[in-house]
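The values are calculated or read from the model by the stated rules, or taken from the named source; none is laboratory data. Remember, it's a predicted structure, so these values are computed and weren't measured experimentally. All Cβ positions, even for glycine, are placed from backbone atoms using ideal geometry, and neighbour counts span all protein chains on display. Note: areas computed on protein heavy atoms with side chains; ligands, DNA, RNA excluded. Shrake-Rupley method; radii C 1.70, N 1.55, O 1.52, S 1.80 Å.
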Amino acid sequence: MKQLQRKNRLRAVAAGALAVSSALALTACGSDDNSGGGGGGKDAKASNIKCDGKGNLLASGSSAQKNAMDLWVKNYGAACKDTKINYKATGSGAGVQEFLQGKTAFAGSDSALKPDEVKNSKKVCKGGQGIDLPMVGGPIAIGFNVPGVDKLVLDAETLAKIFDSKITKWNDPAIQKLNKDAKLPSLKIQAFHRSDESGTTDNLTKYFKAAAPSAWPHEPGKAWEGKGGQSADGSSGVSSQVKQVSGAISYFELSYATANSIKTVDLDTGASAPVQATVENATKAISEAKIKGTGKDLALDLAYDTKADGAYPITLVTYEIACDKGNKPGTLAATKSFLNYVASEDGQTSLKELGYASLPTEIATKVRESVKNLS
């Protein structure tokens, strides 16, 4: 009963956030990814937000963090009337490109900058370079729509084969073996992947490569490399397809599953029991992450192949990407003010009801120090 009440509460928060997201879209340059959004402002302690800078702050990128960003923007805007944060959920790949073109103050990306992107960032960050600042984490849920099936367990190998069109029917022996008591229909699998370059895709394929390398012959990346399947744009696009299409399966940040009442897969990781896609279980996996960045860069090495009990391995950490040095003088103060709030205890704890995992304390402390020293 408690679990049902919790799910209903999460759905209510996410559903109510749709109105917030729509309202923000009018002042935030719009977005084609308007599913989900910020929850109530009661978690924001406006008096603790230090407002600096004025005018419009443009940013774009990750659609996985859109619901989090909507809440942050709402709470920050309530405290800082002179600054408007305009965040467009264009996808991680597009967000990074706009940042590298000097169009935005910062970008949201579900994967860290690549070496060539760091090199290119030096053209925009005069005297410095782009750095990765982890801000929000959470599980990448595998949502499914199979008539008559309410609970589904899959492992990395089976999932990889489903998304690579090597398993095409829901009653395939490999799926039945993992779900002995389920009545699986002889229904075609409709696997949906992102059409845009996506950090969520990057993290999912890194999981496949780490946990089932023999079943996933492709290199991980933001652009989809799997065979077959169908595509849709953004997290809202693929989650909508799962909601509407019988036999569908796809991947998206947990709040999209919550908002749309989509069932999610439990993962057989080799632990003592299958692991659910929950914030708590994602936090256990993220807590195993190691910082691989140097200096002010805080890129993380996630444990995609963890077998720890209760650790959900398909996780993502969204980074806000900014210049360590050479930020534009007109937006520097507002950028630091907003990112400092996002990384603060208030900014992090406000996300729990939306299905996101807050940063481990040690990492959050380092993020705040890096933000403080942006110049």
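Below are the figures for this structure:
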quantity	calculated
DSSP-defined antiparallel bridges as percent of all bridges, the chain, nearest 5	60 percent
Order by protection proxy (mean Cβ within 10 Å, highest first), peptides 296-305, 266-275, 124-133	124-133, 296-305, 266-275
Antiparallel %, DSSP beta bridges [both residues in the stretch 181-315], to 5	40 percent
For the stretch 280-375: relative contact order, % (alpha-carbon pairs under 8 angstrom, 6 or more apart)	29 percent
Given charges at beta-carbon only (K, R positive; D, E negative), |dipole| of the chain in Debye	560 debye
Selected from Leu267, Phe99, Leu113, residue furthest toward positive end of dipole (the chain; charges at beta carbon)	Phe99
Cα convex hull volume per residue for the stretch 250-375 (Å³)	120 Å³
Surface accessible to a 1.4 Å probe, per residue, for the residues of the stretch 209-256, Å²	38 Å²
When each of Lys50/Lys103; Lys88/Lys222; Lys161/Lys292; Lys328/Lys372 is checked by Cα-Cα distance, pairs over 27 Å	Lys161/Lys292
Residue among Ala64, Pro313, Trp224 farthest towards the positive dipole end of the chain, charges placed on Cβ	Ala64
Using distinct alpha-carbon pairs, which all enter the 1/r mean, Kirkwood radius of the stretch 127-206 in Å	14.9 Å
Choice from Thr335, Thr205, Thr361 with maximal GNM fluctuation in the chain (Cα, 10 Å cutoff)	Thr361
Amide proton proximity set for Ile85, modelled H, under 5 Å, gap of 5+	Leu57
Extended-chain gain in nm, criterion 0.36 nm per residue less alpha-carbon gap, Glu219 and Ala273	16.5 nm
Span per principal axis, largest first, for the Cα atoms of the stretch 146-249 (Å)	36, 31, 20
Estimated 222 nm signal from helices in the chain, with DSSP H stretches of n ≥ 4 weighted -39500 (n - 2.57), rounded to 500	-11000 deg cm²/dmol
Viscosity 1.306 mPa s, temperature 10 °C, Stokes-Einstein D of the chain from Kirkwood C-alpha radius, µm²/s	77 µm²/s
The stretch 45-193 - Kirkwood radius from inverse mean 1/r over Cα pairs (Å)	18.8 Å
Relative contact order (percent, whole number), the stretch 214-326, Cα cutoff 8 Å, 6+ residue spacing	17 percent
The chain - percent relative contact order, Cα under 8 Å, separation 6 or more	24 percent
Gln244/Thr361 FRET efficiency (R0 45 Å; Cβ-Cβ; nearest 0.05)	0.65
Of every Cα-Cα pair in the stretch 104-162, the percent that sits beyond 18 Å	58 percent
